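Each remark here refers to the structure printed beneath this line.
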Amino acid sequence: MSNTTFAPTYGPLPIPVKELLPWAIFGGLLCLLAIYFVGAEEGATSMISGMYVHEWVHDGRHLLGFPCH
Amino acid sequence: MVGNLLLRGMLVGLFAGILAFGFAKIYGEPQVDRAIAFEEATAQAAGETPEPELVSRPTQAGFGLLTGVLVYATSIGGLFALVFAYTYGRVSSFGPRGTAALLALAGFVAIVLVPDLKYPANPPSVGNPDTIGSRTELFFIMLVISIAALTATIGLARRLWAQHGGWNASIIAGAAFVIVIAIAMYALPTINEVPEKFSADLLWRFRVASLGIHVVLWTVLGLGFGAIVERSFAGQLSRPASARPALR
């Protein structure tokens, strides 16, 4: 119990930021990139030439509420 | 630990995405079809030759829609898990289920509801291709303002909590959020690119279906993630019960 005397001794235990940060950076970037491809690629901006990604996710982009053509 | 949370977030997101896809298919696709029929009729009347299809309509409405919704939902699930990992025990003093449910509500309001009220979802044939750049820009500006305002609101409520009590702190912070959003919505330009003879009924149904997809997604994500995390990490996310001070 000696290690619990410095902080409140009950309630939820936060996850240390040091442990969280690498996951937040890599996981977060990957997720945002994936959302970008569904939501905006080959619309306002484009990293891949052509319209295939846009046409493939076309219905999802409209229905998820992203601006689309 | 964080990796496990991230994985679970993405899996719950994937599951929520499957249900959201079902909703989109049943309630959303008929409206997309109606809008495309309008688009084609308009193009035909104007004497334009139809563009060759890169991806066929059945594929767009089937596998295309499925990929779009699942990739989006899985990614939202991952981001949700990361924000949960930060807020749990830090911003929120609720257990895993309460934290996840409140976080999903906050996420839905900030990421979906508020941007959608200003720049709602549009079916095909609504929207001028020449303005896609500015429309996308404005949409993301509204999204960023909304997320920032909600984050600040939660911080404000927490600061006022001790002095004013939970109810009053939440009402004051909530009112501040509404005012900030109202000003932003007033200041940002309005976009109306609905064609003259476009069906109002179709537009309404499409937008409600779009909102419904997100309601399904965020509800399943918030409630499902909380339940799974509480079961999987029972001992690790809270201090041992024996360390609780005795009730006075």
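Quick note: the coordinates plus some simple rules give every number you see, no bench work behind them. Just so it is clear, the structure is predicted and the values come from calculations on it, not from any experiment. A quick note on method: Cβ atoms are made from the backbone with ideal geometry, for glycine too, and the neighbour counts reach across all protein chains shown.
Prolate is the label for the protein assembly as shown, because a/c, from the alpha-carbon gyration tensor with a ≥ b ≥ c as root eigenvalues, is 1.5 or above and a/b exceeds b/c. Starting from the Cα of B:Trp204, step 7 Å toward the Cβ, then list every residue of the stretch B:27-64 with an amide N under 18 Å from that point. From the stretch B:27-64, the list is B:27-28, B:30-32, B:34-35. Look at the Cα gyration tensor of chain B: its axes a ≥ b ≥ c give a/c of at least 1.5 with a/b at or below b/c, and that counts as oblate. When each of the peptides B:132-145, B:113-126, B:166-179 is scored by the mean number of other C-beta atoms lying within 10 Å of its residues, the order from highest to lowest reads B:113-126, B:132-145, B:166-179. The phi-based Karplus calculation (6.51 cos²θ - 1.76 cosθ + 1.60; θ = phi - 60°) puts the 3J(HN,Hα) values of the stretch B:97-103 at 5, x, 4, 5, 5, 5, 5 Hz, whole numbers, x for Gly and Pro. Using a Förster radius of 22 Å, what is the FRET efficiency between B:Asp130 and B:Ile183 based on their Cβ-Cβ separation? Nearest 0.05, please. Given R0 = 22 Å and the Cβ-Cβ separation, E is 0.15. In this structure, A:Lys18 and B:Ser93 have a Cβ-Cβ separation that, at R0 = 25 Å, corresponds to a calculated FRET efficiency of about 0.70. Cβ-Cβ distance of A:Tyr36 and B:Ala45, R₀ of 30 Å, FRET efficiency by 1/(1 + (r/R0)^6): the value works out to about 0.25. Specify the angular offset, from 0 to 90 degrees and rounded to the nearest 10, of the alpha carbon long axis of helix A:17-39 from the longest principal axis of the alpha carbons in chain A. Helix A:17-39 sits at roughly 20 degrees to that axis.
Averaged over the residues of peptide B:85-93, the number of Cβ atoms from other protein chains lying within 10 Å of each residue's Cβ is 4. Label the stretch B:53-153 by shape, choosing from rounded, prolate and oblate, from the square roots a ≥ b ≥ c of the eigenvalues of the Cα gyration tensor; if a/c is under 1.5 it is rounded, and otherwise prolate applies when a/b is larger than b/c, oblate when it is not. Oblate, since a/c reaches 1.5 and b/c is not below a/b.
A straight Cα-to-Cα reach below 13 Å connects B:Lys197 with the aspartates and glutamates B:Glu39, residues fewer than 8 places away in its own chain not being considered.
With a 10 Å cut-off around each Cβ of B:150-162, the average count of Cβ atoms from other chains is 0. Put a plus charge on the Cβ of each Lys and Arg, a minus charge on the Cβ of each Asp and Glu, and nothing anywhere else: the dipole of the protein assembly as shown about its Cα centre is then about 2020 debye.
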